[in-house]
Amino acid sequence: MFRGRPAVAYISDLWHKAAIVNAALRLVPSIVREKPEPLAVPEAINKCWSMDFMHDQLADGRSFRIFNLIDDFNREALSMEIDLSLPAERVVRALDQVIEWRGKPQAIRSDNGPEYIRANTEFHLWAMSDVH
């Protein structure tokens, strides 16, 4: 007896409820995603740069981050900043150093990571200014 009923009847009810839930899930249409267009390849140096963060872990368990800045035309690594912590000030300093050396690109491409999307960060203020 389980909850006042035979165990076989209780298990049968559970199977019946699970079948109803599974049938309902099959009725939900799946999302069809369109194939994204490939990224445009720039025709010259300094047309577009890409930047992103990577992270990994040391043998002792400490995490470190790598800031990568790449020229999309020739896939040249313009800057790689590696440290246990990379605050926005470090990213801005690295970008300013590369712009001083190579000139300003027409565009900088990045993902929408948390490093970039918060307003009023050092990076956000740098991107909105006309100083560089």
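Here are some notes:
- Taking the average, over residues, of other Cβ atoms within 10 Å as the packing measure, peptides 66-75, 103-112 rank 66-75, 103-112 from highest down.
- Label separation (Ser63 vs Lys17): 3.9 nm, computed from points 7 Å beyond Cα along the C-beta direction.
- Derived scalar couplings ³J(HN,Hα) [region 91-96; Karplus, 6.51 cos²θ - 1.76 cosθ + 1.60; whole Hz; x for Gly, Pro]: 5, 4, 4, 5, 5, 4
- Lysines with Cα under 21 Å of Lys104, excluding same-chain neighbours fewer than 8 positions away: Lys47
- Annotation: amide H of Leu78 within the under-5 Å range of Leu69, Ile70, Asp71, sequence separation 5 or more or interchain, hydrogens built in the peptide plane.
The numbers here are math on the coordinates, done by the rules we state, and not lab data. Source: prediction; values computed, not measured. Every residue, glycine as well, gets a Cβ built from its backbone with ideal geometry; the counts of neighbours run over all protein chains shown.
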